[in-house]
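Got a structure for you, questions after.
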Amino acid sequence: MCVVLAACSSAPSDREPARETYSGMYTITARPGLDPLVINRIHEWTLHVETPDGRPVENARIMVEGDMPEHQHGLPTKPEVTQNLGNGDYLVEGMKFNMPGAWELTFTVTADAGSDAATFELVLE
């Protein structure tokens, strides 16, 4: 199983891309807990959220959505942030991909600056 994880503006080989949110309120770095990612295995991810000037965002609420646009369906699970790990790091549990192909993961962050989101593209082969 091969995986390419890319923020829309990052090189496909980047394993831990940082992605600025749509309105520029935050920068999110997404790191899968499996390497390589495999189909049909529940796993976790670690997110790092910071302000544009590099300060960690503490006590954020983060929503996780996964979508497979070509097939018009989402993830078979409902991943969620289960722990604030401190220093802007958050643990997402319950991630599972049920088939190869192009996926999009959207993380919506709500904190003191407001609510903003970023989408990462993921291709499982």
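Label-point separation (nm) for MET99 and ILE42, each offset 7 Å from Cα along Cα-to-Cβ?
2.2
Which net charge results when you count Lys and Arg as +1 and Asp and Glu as -1 among the other residues whose beta-carbon is under 11 Å from that of LYS78? Mind dumping the intermediate values first?
Numbers: positive: LYS96; negative: GLU65, GLU80, GLU93.
Local net charge: -2.
Can you match mean projected area of the Cα convex hull in nm² to one of these, (1) 16.2; (2) 10.4; (3) 7.0, based on a calculation from the structure here?
(3)
Once Lys and Arg get +1 and Asp and Glu get -1 on their Cβ, which of TRP103, LEU75, VAL38 lies farthest toward the positive end of the dipole of the range 3-124?
So the residue we want is VAL38.
How much net charge surrounds GLY66 when only the other residues with a Cβ under 10 Å from the Cβ of GLY66 are counted, with Lys and Arg +1 and Asp and Glu -1? Please report the intermediate quantities before stating the final value.
Details: positive: LYS78, LYS96; negative: GLU65, ASP67, GLU104.
Overall, the nearby charge balance is -1.
Oh, and also: Sum up the charges of everything whose Cβ sits under 10 Å from the Cβ of THR110, counting Lys and Arg as +1 and Asp and Glu as -1, but leave THR110 out. Provide the component values of the computation, followed by the final result.
Values: positive: ARG61; negative: ASP112, ASP116.
Residues near THR110 contribute -1 overall.
Values quoted throughout were computed directly from the atomic coordinates according to the rules given, and no laboratory measurement underlies them. Owing to the predicted nature of the structure, the values given are computational and were not obtained by experimental measurement. For neighbour counting, all protein chains shown are included, and Cβ atoms are generated from backbone atoms with ideal geometry for every residue, glycine included.
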